[in-house]
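Trainee: Here you go, one structure.
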Amino acid sequence: MVPARPDPIFRALEADDVAPLAALLASSDPWRSLGYAHGEWLRILQPPHREREAIVAESAGRLAGVALVRPRFLAGDYLEL
């Protein structure tokens, strides 16, 4: 018997993740209410992520979220998004 994969899983952002994540964020609050459009998310999420780590969360095989982290910033890691 193969053990079940933990859910959610976290992994590095890949180029194929950018468009679906941009659509997810552009349609979600608070970003939608704040006026962040799909095109802005495409720009923000597009590699390279200079001095940042881009991590996505998957749940049930679907993208569920993203984090942009700036490691070793000032007194520690900084969660930008």
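Trainee: Restricted to region 64-81, and to residues that are open to solvent by 50 Å² or more (accessible area, probe 1.4 Å) and not acidic (D, E), which residue is modelled with the highest pLDDT?
Mentor: This residue is A64.
Trainee: If the Cβ limit is 9 Å and pairs must be 6+ apart or interchain, which residue in region 6-24 that is in a strand (DSSP E or B) pairs with which residue that is small (G, A, S) and loosely packed, with under 14 Cβ neighbours inside 10 Å?
Mentor: I9/S59
Trainee: Follow-up. Would you please name the residue that is modelled with the lowest pLDDT, looking only at residues in region 1-46 that are of a type in the set (D, E) and out of contact with any Leu (no Cβ under 7 Å at 6 or more places or on another chain)?
Mentor: Per the stated criteria, the residue is D7.
Trainee: Among the listed residues P6, P20, which satisfies the condition of being open to solvent by 50 Å² or more (accessible area, probe 1.4 Å) and touching a strand residue (DSSP E or B) at 6+ places or on another chain (Cβ under 9 Å)?
Mentor: P20
Trainee: Does E51 meet the test of being among the charged types (D, E, K, R) and assigned to a loop (DSSP other than H, G, I, E, B)?
Mentor: In short, yes.
Trainee: Looking at G35, G39 in this structure, which one is in a helix (DSSP H, G or I) and more than 12 Å from the chain's Cα centre (by Cα)?
Mentor: Going through G35, G39 in turn, just one is in a helix (DSSP H, G or I) and more than 12 Å from the chain's Cα centre (by Cα): G39.
Trainee: I'm told G61 meets every condition in (1) surrounded by fewer than 14 Cβ atoms within 10 Å (Cβ to Cβ); (2) in contact (Cβ under 8 Å) with a residue 12 or more places away in the chain except one. Can you identify the failing condition by its number?
Mentor: G61 satisfies every listed condition except (2).
The values are calculated or read from the model by the stated rules, or taken from the named source; none is laboratory data. Because the structure is a prediction, the values reported are computed rather than measured. Methodologically, a virtual Cβ is constructed for each residue, glycine included, from the backbone with ideal geometry; neighbour enumeration extends over all protein chains shown. Areas reflect the complete protein model, heavy atoms only, side chains present, ligands, DNA and RNA absent. Shrake-Rupley method; radii C 1.70, N 1.55, O 1.52, S 1.80 Å.
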